[in-house]
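Since the structure comes first, as structure tokens, the remarks are kept for the end.
Each value in this text was obtained by applying a stated rule to the coordinates, not by laboratory testing. Everything quoted here is computed from the prediction, not taken from an experiment. In this analysis, Cβ positions are derived from the backbone assuming ideal geometry, glycine residues included, and neighbour counts consider all displayed protein chains.
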There are 2 protein chains.
Amino acid sequence: MPSRPPRPPAASLPQPSSTAVARLAGVSQSTVSRVFSAGAAVSAKVRERVMTAAAELNYRPNALPGILQTGRSGIIAVVMGGFYNPFFTESLQRVTAILHARRLETMLVETSSDGNIEEIVGDLSRYRIDGVISLLAIGSACVAQQLESTGLPIVAVNSFGHGILRTVSTDNRGAGAAAADLLLRGGSRRLAYLAGRDSASQSEREAGFLGRLAERGMPPPEVVIAGFSYEEGYDATVKLLSTGFRPDGIFCVDDLVAISAMDAIRQEFGLSIPEDVQVIGFDNIPMASWRGINLTTLNQDIEALAVESVHLLADDPPQREVTVPFRLIERGTTRAPPG
Amino acid sequence: MPSRPPRPPAASLPQPSSTAVARLAGVSQSTVSRVFSAGAAVSAKVRERVMTAAAELNYRPNALPGILQTGRSGIIAVVMGGFYNPFFTESLQRVTAILHARRLETMLVETSSDGNIEEIVGDLSRYRIDGVISLLAIGSACVAQQLESTGLPIVAVNSFGHGILRTVSTDNRGAGAAAADLLLRGGSRRLAYLAGRDSASQSEREAGFLGRLAERGMPPPEVVIAGFSYEEGYDATVKLLSTGFRPDGIFCVDDLVAISAMDAIRQEFGLSIPEDVQVIGFDNIPMASWRGINLTTLNQDIEALAVESVHLLADDPPQREVTVPFRLIERGTTRAPPG
DNA sequence: TTGTAGGCGTTATCAA
DNA sequence: TTGATAACGCCTACAA
């Protein structure tokens, strides 16, 4: 099923080997190897000679034979989708930075759905990658099972674990409840939820929101599926407000949807935020803090998510599921509490 | 200088080798190899037996020995920074997708400055990567020289080539001129340019803008350095308008700066856009088309930039520098032409 | 069509 | 402290 890259991409000159350096320096190949290994025992004189020869040949050690022997490559596959969402791209940035700090390399896997993850990861296992961090939620137990069958350690962010995967997640349920509390505190009584498409984070946020409203004796809110993007969110909001139902408080599955909802509310219906409608987003992407947007939202601690993901993958600690706390960021799209 | 990953990241079970499969299937190792190679000559019966054995052991071919022999890995290093800017993240997405379509893998290199690129790429060359695509501009000829010394083919986007690198760039100069034309056409006469920090794209855009204004007999515009981000742009705009000078047309080095300028203009100075001030951005990031922003901008054809980058790297065509046309996107922050 | 054997560039083990 | 040698797992002749 796998195959080599079909056309040779830009052939480069063959790199010099440690043998070539050894020859030039008049030492054995093993000595060259030692010079370029961490805790080696080499005399200063020999090291000097080897380094000179290496510099002359522009020698760069080749990591592949070592990988061949140890079976460990120091390469981690990071699975990404949703590049349009700053939450994901910032997550990618942090994860990569943390991996780099640990001297691990990032192999980037780009895919829009989690359907073909298994195939892609299977392909990548040709390189003897050491593990997988998926910033994309793994939706089905079946895919999780397939991934596990690669034998690689796998961490998924904001995903179900399906009893198999290691997971790192924001406290999505708690955050949903906090959103409910805040909307009620601001006086909203006709509530709506702009939902994402099926996923762990989406359903946890929804469960937290609906659960808290029920606890507090509110009728269930209007729920409309808005996806995760601006475009879908805009249409969903128009649809929601066109039913005749006029919510005075909306919780959105993410900031992109929240921002689109604000635009639709103002431009299509001439309503004011937060006077007529309170809006709460999720993620705290940079745009949420832009002056012209100023969105109240629930912050995901991306740094913590990234740190914990790498920790779970690389340090193999006993716990397999980590929850990271959210933080409420009150800005201008909710009404400050009266008291 | 380089070294192996210090701590073993999550040891996984050793993967079965083709030899193990061969033993189980009762054939030679080379036969297994042939079964998993593209244009192999294997009898159906043997292939069948090998596949069964491979499935039983959950065998995955190891690409490393092949790389060791050929010196080509099928891995491309993609250098990224500026994750806060959708232009860069979308570029990354496209490049990765195109590489993947060619069965090339993406090794992601995250760095904020181009200063340590050489070190990072040097590290990566341990993996015998086949080339480098830098979405980060290479600022100094010195760094370009160091990169070239790795012997790897290198493509940089929106960068100077320093007579060494292959480059793919938007027609930044032409786009700057188009911005000048549009502002003048809309009637602006007191012009300003919110500049980026020193880089090829920044200076080309500035040169195009200033050049065209000069051609058309206008005095040189006010120029303020605004970096590339929202925060810096906001401060720079406040600074610009606080000098007493009141521009009625502003060209910005990128959309993030333009959006911040709009926010500052409206919120700090109570001016209207485009009535009092026309604003033009650069990139055409998704936010520029958001209803609440609706920014006139110059589109960079990211798909073309990505395609050409991979082409220049992988197909080694004669030309080393490619320019991609821009496209003017007129939205609501400029005044429609009177005629 | 299949098997045998050599080599890719390291690291690790042992002997000197 | 250094050198020789055997892996690592695959590919590619070449032989059968």
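Assorted remarks:
- Comparing B:I67, B:I129, B:I75 in a Gaussian network model of chain B (Cα springs below 10 Å), the most mobile by mean-square fluctuation is B:I67.
- Most fluctuating residue given options A:A144, A:A41, A:A314, as computed from a GNM of chain A linking Cα atoms under 10 Å: A:A41
- Straight Cα distances below 12 angstrom link B:K239 to the aspartates and glutamates B:E222, B:E268, with same-chain residues fewer than 8 positions distant left out.
- Percentage of interatomic Cα-Cα distances in chain A larger than 31 Å: 47
- Reduced Cα scattering model of region A:191-253, Debye log10 I(q)/I(0), q = 0.12, 0.18, 0.24 Å⁻¹: -0.28, -0.61, -1.01
- Comparing A:D301, A:D315, A:D255 in a Gaussian network model of chain A, where Cα atoms under 10 Å apart are tied by springs, the biggest mean-square fluctuation is seen for A:D315.
- Along its first, second and third principal axes, ordered by size, the protein assembly as shown spans 75, 69, 52 Å in Cα coordinates.
- A:T243, B:T334, B:T297, B:T19 arranged by Cβ crowding within 10 Å, fewest neighbours leading: A:T243, B:T19, B:T334, B:T297
- Region B:146-227: radius of gyration and largest Cα-Cα distance (Dmax), Å: 15.6, 52
- Rounded to whole Å, the principal axis extents of the Cα atoms in region B:58-119 read 41, 26, 21, largest first.
- Computed on the Cα atoms alone, the convex hull of region A:67-226 gives a volume of 122 cubic angstrom per residue.
- Rounded to the nearest 10 degrees, the angle from helix B:302-314 to the longest Cα principal axis of chain B is 40 degrees.
- Each label point was placed 7 Å from the Cα along the Cα-to-Cβ direction; for A:A55 and B:T323 their separation is 4.2 nm.
- Within chain B, percent of DSSP bridges classed antiparallel, to nearest 5: 10
- Size of region A:271-333 from its Cα atoms: along the principal axes, largest to smallest, the extents are 51, 17, 13 Å.
- Alpha carbon Rg of region A:71-152, scaled by the compact-globule rule 2.2 N^0.38 Å: 1.05
- All C-alpha pair distances within region A:194-339, sorted into 5 Å bins from zero, spread as 2, 9, 17, 21, 20, 13, 8, 5, 3, 1, 0 percent across the bins.
- Approximate shape of region B:1-145 as ellipsoid semi-axes (Cα gyration tensor, √5λ), whole Å, largest first: 39, 17, 14
- If both residues of a DSSP beta bridge must be in the protein assembly as shown, then about 10% of such bridges are antiparallel.
- Estimated FRET transfer efficiency when R0 is 35 angstrom, pair A:S37-B:N116 (beta carbons, to 0.05): 0.90
- Angle between chain B longest axis and helix B:200-215 axis [Cα atoms, degrees, rounded to 10]: 30
- Inter-probe distance in nm under a simple model that places probes 7 Å from Cα toward Cβ, at A:R102 and B:T19: 3.1
- Relative contact order of chain A, taken over Cα pairs closer than 8 Å and 6 or more residues apart, is 15 percent.
- Region B:20-83 and region A:131-147: distance between their alpha carbon centers, rounded to Å: 24
- Positive-end ranking of B:G292, B:V21, B:V157 along the dipole of chain B, with charges on Cβ about the Cα centre, is headed by B:V21.
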